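Some notes on the structure that comes next.
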Amino acid sequence: MTGLIIDKRRRDLGGGFEVGRVLPFAKRRMVGPFIFFDQMGPVDFAPGIPHELDVRPHTHIGLSTVTYLYSGAIPHRDSLGFQQEIKPGAVNWMTAGKGITH
């Protein structure tokens, strides 16, 4: 039995890059305010899209993120110059330290 169905809410992460956010959710505070469950896409971006259509640089102040894609690919970069393409089936587990943005 399902106790609660949470509909995703649209959130703009920068320049029109939208996700459907399920968590955090006010009626499920036991999950915690630092757990985000977002759904991206499906969406096709044309080659050469403007850089403004991107997630704004932000810190994670020691928090960890896990990204898992079912299809497609998404580039990930940080302020130290590291770049990685996240692909379907791979798990990207990232912890950003103090002063590092991505």
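The values are calculated or read from the model by the stated rules, or taken from the named source; none is laboratory data. Fair warning: this is a prediction, and the values are worked out from it, not measured in the lab. Counting neighbours? That spans all protein chains shown, and the Cβs are built from the backbone with ideal geometry, glycine included.
Return the pair list, or none, for Cβ contacts closer than 7 Å from residues in the stretch 35-50 that are closer than 12 Å to VAL19 by Cβ and loosely packed, with under 13 Cβ neighbours inside 10 Å to residues that are charged (D, E, K, R) and modelled with pLDDT of 70 or more, at least 6 apart or on different chains.
Qualifying pairs under 7 Å: GLN39/LYS8.
Determine, yes or no, whether GLY15 is part of a loop (DSSP other than H, G, I, E, B), loosely packed, with under 11 Cβ neighbours inside 10 Å and modelled with pLDDT under 70.
no
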